[in-house]
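Accompanying notes for the structure given below.
The values are calculated or read from the model by the stated rules, or taken from the named source; none is laboratory data. These numbers come from a predicted model, not from an experiment. FYI the Cβ positions are ideal-geometry reconstructions off the backbone, even for glycines, and counts take in every protein chain you see. These accessible areas exclude ligands, DNA and RNA; they are computed on the full protein's heavy atoms, side chains included. Shrake-Rupley method; radii C 1.70, N 1.55, O 1.52, S 1.80 Å.
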Amino acid sequence: MTLIELLDDFYVPLRGISERTQALYRMTIKSFGEHLGCEPTTEHLAEMPVARFLASRLRSRSPATAKKDSSQIRALWEFAARRGIVKSFPLMRPIHVPERVPSAWTTEEMESLVESARNHPGSVAGVPAGLFFEALILTCYETGERISAVMSLRWADVRGNLVTFRAESRKRQTRDIVRGISPVVANALEKIRRDRELVFEWDRCDSNLWRHMGLILKRAKLPADRASKFHRLRKTCASYAAAAGLDPQRLLDHASPVTTRAYLDPRIVRTTQACDVLPRVG
């Protein structure tokens, strides 16, 4: 049985993973096949083929990418082993991802980003691209929601200065969440209102959204790497909210404060340091 067949015919329907997650699994399987030089099958769910693949990924990709591949192969391998499709259970090397200092956008950087978005050329589903991206970036910034949830926002769930993100569009898909928006953002949304279901109707392939965001960042003379796209807006919201005394864990709807810690930029969320309390010497 190929790993794609294992994924599509058994794992997806029985585990109920989303289409986006399924696509990520397919990317890992594709990379595994490119390493093997053939179509990956359940026979390749063995210690040495997987170990060699992960070692190769660590040499050519970031630790985070290698860990993602490792986690997905482990999940498929355990699934197959528990159902007797393969005889052995996973035995895989641990992959450690360095914990980086979180980076948010400063207020000055946000001003540049919004100005650049406002001047973005072209159109998106009949809406001037400048208005579309201005509203999108401001909504991400003020609500702190993930881009997937924001892109799934419906006009029926925009009520004045409140927006509701439905459970089925959110990561754990367990509950709706309501977020307030300022009059500035409410006005930005009204400028792109059209007779349609979704607020941010996107009329091209999903990956193009990140490409356009990269162009907006470059025009603003800001970093445009993978870590500086929409998720950095979520970190910005959390950092400024925490600095003002709000609970960032509740804002981001994280299950653990450890997860939230990776979102708080220490330049914004100032904490007491040893240098602040040590007696001055020298």
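Descriptive notes on the structure:
- Relative to the compact-globule estimate of 2.2 N^0.38 Å, the Cα radius of gyration of the range 1-86 comes out at 1.01.
- Extents of the range 110-222, taken as max minus min of Cα coordinates on every principal axis and listed largest first, are 37, 29, 28 Å.
- Surface analysis of the range 166-272 yields an accessible area of 58 Å² per residue, using protein heavy atoms and a 1.4 Å probe.
- Counting only Cβ charges, +1 for Lys and Arg and -1 for Asp and Glu, the dipole size of the chain around its Cα centre is about 560 debye.
- Among the GluC sites (Glu not before Pro) in the range 78-144, those placed in a DSSP loop whose Cβ has at most 10 other Cβ atoms within 10 Å are GLU99.
- Per residue, in Å², the accessible surface of the range 1-143 once ligands and nucleic acids are set aside, probe 1.4 Å: 53
- The 1.4 Å probe gives accessible areas that order TYR263, TYR141, largest first, as TYR141, TYR263.
- Each peptide in 192-199, 54-61 gets a packing score, the mean of other Cβ atoms within 10 Å over its residues, and the list from highest to lowest is 54-61, 192-199.
- Ordering SER88, ILE147, MET110 by Cα displacement along the dipole of the chain toward the positive end leaves SER88 in first place; charges were set at the Cβ atoms of Lys, Arg (+1) and Asp, Glu (-1).
- Cα→Cβ-extended label distance, 7 Å offset, between GLU111 and ALA243, nm: 1.4
- The heavy atoms of THR65 offer some 20 square angstrom of accessible surface to a 1.4 angstrom probe.
- Across the range 223-264, counting alpha-carbon atoms alone, Rg and Dmax equal 10.5, 30 Å.
- Surface share of carbon and sulfur [accessible, 1.4 angstrom probe, percent] for the chain: 52
- Taking the three principal axes of the alpha carbon atoms in the chain, the coordinate ranges are 68, 59, 35 Å, sorted in descending order.
- For SER112, the accessible area of its heavy atoms, probed at 1.4 Å with every protein chain present, is near 50 square angstrom.
- Here the spin labels are modelled as points 7 Å beyond Cα on the Cα-Cβ line, and at VAL184 and SER207 they lie 3.5 nm apart.
- From helices alone, the chain scores -14500 deg cm²/dmol at 222 nm; the rule is -39500 (n - 2.57) for each run of n ≥ 4 DSSP H residues, then divide by the residue total.
- On Cα atoms only, tilt of 47-60 relative to the major axis of the chain in degrees: 40
- Area accessible to solvent at LEU264, 1.4 Å probe radius, in Å²: 40
- Neighbourhood net charge (10 Å Cβ-Cβ; Lys/Arg +1, Asp/Glu -1) for VAL178: 0
- Within a straight-line Cα-Cα reach of under 29 Å, LYS68 can be paired with the following lysines, leaving aside sequence neighbours fewer than 8 residues apart in one chain: LYS30, LYS87, LYS171, LYS218, LYS229, LYS235.
- Within the straight-line cut-off of under 15 Å between alpha carbons, the aspartates and glutamates reachable from LYS67 are GLU99, sequence neighbours fewer than 8 places apart in one chain being disregarded.
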